[in-house]
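The values are calculated or read from the model by the stated rules, or taken from the named source; none is laboratory data. All values derive from a computational prediction rather than experimental measurement. Because the Cβ atoms are built from the backbone with ideal geometry, glycine has one as well, and the counts that use them run over all protein chains shown.
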Amino acid sequence: MSKKIKTWARNLKRQIFILYFACKDERVPWYAKVFTACVVAYAFSPIDLIPDFIPILGYLDDVILVPIGIMIVLKMIPKTVLTDCEVKAEEIMKNGKPKNWIVGSIIVLIWGLIIIWAIINIYRLLN
């Protein structure tokens, strides 16, 4: 079972790298690039929308949302582009993934605003 999970995770990582390179390819339609950029940025983000320390929900985005996004995007991108990007993906997997600190900062900002909103509403309720 452990080997299947490791294989699945490695394949998911490989697909994210393929999408990373496909997003930069001029042969990909603009609407596919936008959706691909969102999926890749979220996957590379050092911070999750739902933090992993939240029981069960914390891993749902990693296990469900990212793979669903990948499946949708793979259908939007031409097969020739995917084939070309597979070679680049194998090469970068040896060197490690890039981090997207901009998306990470946006997610931190969103969580900060949610916390501030909650504090304000709790303060209003107590007064």
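Computed quantities for the displayed model
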| read-out | value |
| --- | --- |
| The stretch 1-17, residues that are among the hydrophobic types (A, V, I, L, M, F, W, C), part of a helix (DSSP H, G or I) and more than 26 Å from K33 (Cβ to Cβ) | I5, W8 |
| Residues satisfying the stated conditions in the stretch 1-56, i.e. small (G, A, S), modelled with pLDDT under 85 and under 18 Å from the mean Cα position of the chain (by Cα) | A9, A41, A43, S45 |
| Residues located in the stretch 20-33, provided they are surrounded by fewer than 11 Cβ atoms within 10 Å (Cβ to Cβ) and out of contact with any helix residue (DSSP H, G or I) (no Cβ under 8 Å at 6 or more places or on another chain) | E26, W30 |
| Within the stretch 68-83, tally of residues that are buried (at least 16 other Cβ atoms within 10 Å of the Cβ) and either outside any helix (DSSP H, G or I) or not aliphatic (A, V, I, L, M) (or both) | 2 |
| Residue satisfying all of: in the stretch 1-42; touching a Leu at 6+ places or on another chain (Cβ under 8 Å) and among the hydrophobic types (A, V, I, L, M, F, W, C); farthest from I92 (Cα to Cα) among these | V39 |
| Residue in the stretch 42-65 that is over 30 Å from W111 (Cα atoms), among the small types (G, A, S) and part of a helix (DSSP H, G or I) present | no |
| Of residues in the stretch 90-127 being among the hydrophobic types (A, V, I, L, M, F, W, C) and within 17 Å of R14 (Cα to Cα), the one modelled with the highest pLDDT | I92 |
